[in-house]
Structure formats: structure tokens, C-alpha cells
Amino acid sequence: MLLLAASLMVAIAYFKDVPKNPVGFFVDEASIAYNAHTISQHGTDEYGYVFPLYFRAFGEYKSPVYIYALSVLFWFTGPSIFASRLLSAVAGLTAAMLLGLLGARLTNRRIIGFLVFISAALTPWIFEISRLVFEVSLFPALLALFLLLLHSA
């Protein structure tokens, strides 16, 4: 029961004030969200390129993985700051859960997996990037998934 309550508190921390924390919607976040919106509506980026491999923004190029994932979410929900940041929050919580699962499988002890989950979820490096609409918020979850698959192999 205590483990469930702690897990619930971590989930609440990840989803509490998602659209308002941090305050404001940064220009880079807006660029990613706008490109995801245009992809979900028309299949083009802000410059009119059809399903581009990289997205041009502010003189640089953005990775397409986050933008395409966000465009799928926008296709169902419509564009919003909440939906944009929710994807990052889910990715951060998923990374913590995958790391907890990896810890449990490595040690064959559920309590170790739970402790790894809690410590990973409350680590600033995972928690802080899960609050912003940047492609880097997917990397911890992808790395944890890779490590889990590597261990299984």
C-alpha cells in the first residue's frame, strides 16, 4: 500500500501544473509545437515541406522524432500547451518506470526496482527536462528502453 501511495505521489508530481510549470512557453517550444500542429493538419512543416526529415527553425535543424510524436497527439487533442508538455511528462515518467523495471530485473528484487523508480523519477535531470517541449525529453526513456532490451537479450 505504501509503495502504491508513493508511486501515485510521483505521478501527481509529474502531471501537476504541466502547462504552467515552467512559466511561459518558450520560442523553441512554440516552434516545435507549431511544426507538430502543421504536420498533424496538412502534413507539411512551417515552410511547406511535406513530411521533412529535419525541421528548420531559427537557423538550425530540429530532430523529427518528437515533432512527429507530438503531431500524432495533436491529431487527437488539437494543439495546446498542455498537450505539448504532457508528452514530455509522460516520457519522463516512462523513463523512470523503465529504469525501475531494469533495476528489478537486474537484482530480482521488486523493492530495488521500486527504489530505482522513485530515485530516477525524482532526479532533477529527468524531472526538469520532462517539463519542456524539447526532443531531449525523449532520450532518457529511449535510453532506458535500450538498456532494458539489451539486458533481455
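In degrees, nearest 10, range 0 to 90: what is the angle between the Cα axis of helix 2-15 and the longest Cα principal axis of the chain? Taking Cα atoms only, the helix is inclined about 20 degrees. When peptides 142-150, 16-24 are sorted by average Cβ neighbour count within 10 Å, with the highest value leading, the order is 142-150, 16-24. Divided by 2.2 N^0.38 Å, where N counts the residues, the Cα radius of gyration of region 15-70 comes to 1.19. The fewest-to-most ranking of 29, 46 by surrounding Cβ atoms within 10 Å reads 46, 29. Rounded to the nearest 10 degrees, the angle from helix 27-42 to the longest Cα principal axis of the chain is 70 degrees.
How tilted is helix 110-121 with respect to the longest principal axis of the chain? Cα atoms for both, answer in degrees (0 to 90, nearest 10). With both axes taken from Cα atoms, the answer is about 40 degrees. Of the peptides 92-99, 34-41, 112-119, the order by per-residue mean of other Cβ atoms within 10 Å, starting with the highest, comes out as 92-99, 34-41, 112-119.
For the chain, relative contact order (Cα pairs under 8 Å, six or more residues apart, normalised by length) works out to 26 percent.
Since every read-out is calculated from the coordinates, none of them should be taken as a lab result. Computed from a prediction, not measured in an experiment: that's the story for all the values here. As a convention, Cβ positions derive from the backbone with ideal geometry for all residues, glycine included, and neighbour counts pool all protein chains shown.
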